[in-house]
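Q: Mind looking over this structure? Questions follow.
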Amino acid sequence: MKKLVLIVLIAVVSLPACKTAQKAVKNPQANVETAIPVMIKLLEAGSYKEFLSTFLVPETKEKFGGDEGMSELADKWGKSEKKDKLLNALKAAKDVTPVYNEDKTKATYKKEAIDNFKDLVFEKIDGLWYIAN
């Protein structure tokens, strides 16, 4: 009987710890609203290669040579005004609810809501969100 009580006690104590550990390792890119603050941080830190490698749609990333091509692209992109426009749009988007398509694989932040020159569109691929435009 003591063994059974001990086993139950261990199970009860371990279960919340497992759930906490699962929450701690959840990828912020799994949710568009939690991905945006990470994007902002990377851009503000000047981590353009990491930003592009992480948040560029995989198909587009491959067109630029995959991870190897990201260094050159990041150097060029980091010197352009596009990064500043995107950073400002992301900062505005973090306080706005996106419009999702029917199957919730695209999230659009309307240009009027984020004071941007165009809509900011994200696409969900294999459970992760990427910038689609």
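Q: Which numbered condition trips up Glu68, out of (1) modelled with pLDDT of 90 or more; (2) on the phi < 0 side of the Ramachandran plot?
A: Unmet condition: (1).
Q: Yes or no: Glu50 assigned to a helix (DSSP H, G or I), closer than 24 Å to Asp126 by Cα, out of contact with any strand residue (DSSP E or B) (no Cβ under 7 Å at 6 or more places or on another chain) and not polar (S, T, N, Q)?
A: Details: assigned to a helix (DSSP H, G or I): yes; closer than 24 Å to Asp126 by Cα: yes; out of contact with any strand residue (DSSP E or B) (no Cβ under 7 Å at 6 or more places or on another chain): yes; not polar (S, T, N, Q): yes.
It is true that Glu50 is assigned to a helix (DSSP H, G or I), closer than 24 Å to Asp126 by Cα, out of contact with any strand residue (DSSP E or B) (no Cβ under 7 Å at 6 or more places or on another chain) and not polar (S, T, N, Q).
Q: Kindly check whether there is at least one residue in region 60-82 that is assigned to a helix (DSSP H, G or I), out of contact with any helix residue (DSSP H, G or I) (no Cβ under 6 Å at 6 or more places or on another chain) and in contact (Cβ under 8 Å) with a residue 40 or more places away in the chain.
A: no
Q: I would also like to ask the following. How many residues are in contact with an Asp or Glu (Cβ under 9 Å, 6 or more places away or on another chain) and closer than 16 Å to Phe122 by Cα when one looks only at region 62-87?
A: 1
Q: Sort out which residues of region 87-124 are within 15 Å of the chain's Cα centre (by Cα), buried (at least 17 other Cβ atoms within 10 Å of the Cβ) and in a loop (DSSP other than H, G, I, E, B), and write them in order of number.
A: If the condition is that a residue be within 15 Å of the chain's Cα centre (by Cα), buried (at least 17 other Cβ atoms within 10 Å of the Cβ) and in a loop (DSSP other than H, G, I, E, B), then Pro98 is the only one that fits.
Q: While we're here: Among all residue pairs at least 6 apart or on different chains, which show Cβ distances below 6 Å where the first residue, located in region 92-118, is within 21 Å of Val38 (Cβ to Cβ) and the second is in a loop (DSSP other than H, G, I, E, B) and among the charged types (D, E, K, R)?
A: Pairs found: Ala92/Asp115; Thr108/Asp119.
The values are calculated or read from the model by the stated rules, or taken from the named source; none is laboratory data. All of these numbers come straight from a predicted model, not from anything done at the bench. Note: ideal-geometry Cβ built from the backbone for every residue, glycine included; neighbour counts use all protein chains shown.
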